[in-house]
Amino acid sequence: MSTVDNVWDNAKAVFGMAEKKTKQAVEISKKKIKEKKLEDKIDGLYKTLGKMYYVSAKKDAAVNECDVKKIVDSIDEAKSQLKELRAEINSIRYDKVCPVCNAGVKKDDDFCRKCGAELK
């Protein structure tokens, strides 16, 4: 193989890696936008819940427990979606993801650097 062929093969490998990293960055950016929207949704639900309790306390009236349950369920669902989304982001960024806390870990790690769980 000639020097020109080696240079060409190396250039293709570099461009291939750059293309892969660019696609990963775009995918992570899209997921980070979704993450921010979910965080904002959760904040809004907490504010709504707090306002309901404030208004009921101010009027010395009972809170509608059915409405509270709906909001709490919505918060729980959004938090679950957020956890899954963060695990997806970590799986793109890192070689492995901790099965306990979903933190990104390096392929050579035996233990999670965040929670200490053993990685198998």
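The values are calculated or read from the model by the stated rules, or taken from the named source; none is laboratory data. As the structure is a prediction and not an experimental result, all values here were calculated from the model. Quick reminder, even Gly has a Cβ in these numbers, built from the backbone with ideal geometry, and neighbours come from all protein chains shown.
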Considering only segment 84-103, I want to know if a residue exists there that is part of a loop (DSSP other than H, G, I, E, B) and touching a Leu at 6+ places or on another chain (Cβ under 7 Å).
yes
Filter result (modelled with pLDDT under 95 and surrounded by 13 or more Cβ atoms within 10 Å (Cβ to Cβ)) within segment 57-76
Val63
In segment 90-112, what count of residues is obtained for those that are farther than 20 Å from Ser80 by Cα, at pLDDT 85 or above and surrounded by 14 or more Cβ atoms within 10 Å (Cβ to Cβ)?
3
Counting only residues that are small (Gly, Ala, Ser) and under 23 Å from Lys21 (Cβ atoms), segment 79-120 contains a total of 4
What is the one condition in (1) over 27 Å from Lys20 (Cβ atoms); (2) not in a loop (DSSP other than H, G, I, E, B) that Ala62 does not satisfy?
(2)
Would you check if Asp73 is assigned to a helix (DSSP H, G or I), over 26 Å from Ile28 (Cβ atoms), within 22 Å of the chain's Cα centre (by Cα) and not hydroxyl-bearing (Ser, Thr, Tyr)?
yes
